[in-house]
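The values are calculated or read from the model by the stated rules, or taken from the named source; none is laboratory data. What you see is a predicted model, and the numbers here were worked out from it, not measured in a lab. Cβ: placed from backbone, ideal geometry, glycine included. Neighbour counts: every protein chain shown. What goes into the accessible areas is simple: the full protein's heavy atoms, side chains included, and nothing from ligands, DNA or RNA. Shrake-Rupley method; radii C 1.70, N 1.55, O 1.52, S 1.80 Å.
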Amino acid sequence: MIHELTSLAQVRAACGDDDLLMWAAQGLRPGARAWALGDAVVTAAPDLARRDRLAVSGSTANAAPLVRHALAELGPAYRPLAETRTLAEVAAKVDGMEVAGEFSWMSLPPEPSVPVPDDTLEVGWLSGEVTPEVTALLTDFAPESYAVPGAVGVTRWAGLRVDGKLAAVAADAWSAPDVGLLAGVATAGPFRGRGLGERVCRWVSRELVHAYGRAALMVDDDNGAALGVYTRIGYTRRRIAAAGLNPPHPGR
């Protein structure tokens with residue numbers, strides 16, 4: 001029998017504190033919902049990383065009817081996320097659902113050891129006054145970034161300067177109360193190859209763990225350089241996929 005989860009404690013117990021499910025629950029803020037059926041759990045929130053998202057876990061036999069129920073409650077715009085095999089099997093059992101893209105979810109556990117060299121002391125949270133500089137850096141060197149200044153859920157930016165110029169940035173974006181999300185990572189072209197992006201990512205990752213208890217991120221599977229950076233920092237990788245009801249756009 002499908003039942004709605006109405007507290008974070010219920011969600012945590014049902015999903016085993018899975019960070020992807022807890023992230024998509026968004027603290028059960030207004031508009032966020034969660035349900036369980038047997039070993040399956042779905043959590044959902046609107047306007048999350050530029051999509052209305054629905055995270056899914058559990059056996060296909062339970063997850064498929066649970067996803068159908070959630071989409072009937074929430075509407076067809078919601079975009080399911082799950083481990084690749086699970087999502088493919090669920091999509092095959094939900095009329096009109098197609099897998100739109102595969103990528104990776106990477107997790108940094110509570111209280112990890114994230115070495116931050118002394119020379120990262122120049123990394124820090126940026127004031128709103130530098131928003132135009134962040135926007136310009138992303139426009140020129142990371143136009144595909146989901147996180148941009150002013151977007152709903154993008155709360156703060158960190159960066160470092162070289163000779164007075166903003167060289168690398170990363171954001172705290174769409175974080176849940178107990179899962180901080182690293183996004184918007186970018187390095188200006190003239191400063192690439194110097195490890196500056198990794199410095200910022202290390203610093204922000206440590207800050208996210210301190211603020212939220214753990215950190216996570218989403219990364220494209222073909223971005224080998226980024227995967228290497230995140231692995232060195234201590235993130236572990238899980239292959240996931242996104243789907244939708246006849247999704248009009250590929251990707252996440």
Would you confirm whether any residue within the stretch 132-145 is open to solvent by 30 Å² or more (accessible area, probe 1.4 Å) and under 25 Å from P80 (Cβ atoms)? yes
Among the residues of the stretch 65-99, which ones are within 26 Å of R237 (Cβ to Cβ), part of a helix (DSSP H, G or I) and not basic (K, R)? L66, V67, T84, T86, L87, A88, E89, V90, A91, A92
Please pick out the residue among T60, T84 that is surrounded by fewer than 21 Cβ atoms within 10 Å (Cβ to Cβ), of a type in the set (S, T, N, Q), farther than 21 Å from A215 by Cβ and touching a helix residue (DSSP H, G or I) at 6+ places or on another chain (Cβ under 7 Å). T60
Name every residue in the stretch 25-48 that is in contact (Cβ under 8 Å) with a residue 60 or more places away in the chain and either assigned to a helix (DSSP H, G or I) or not charged (D, E, K, R) (or both), in order of residue number. A25, Q26, G27, L48
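When you check A88 against the structure, is it within 21 Å of S175 (Cα to Cα), among the small types (G, A, S) and out of contact with any Ser or Thr (no Cβ under 8 Å at 6 or more places or on another chain), yes or no?
no
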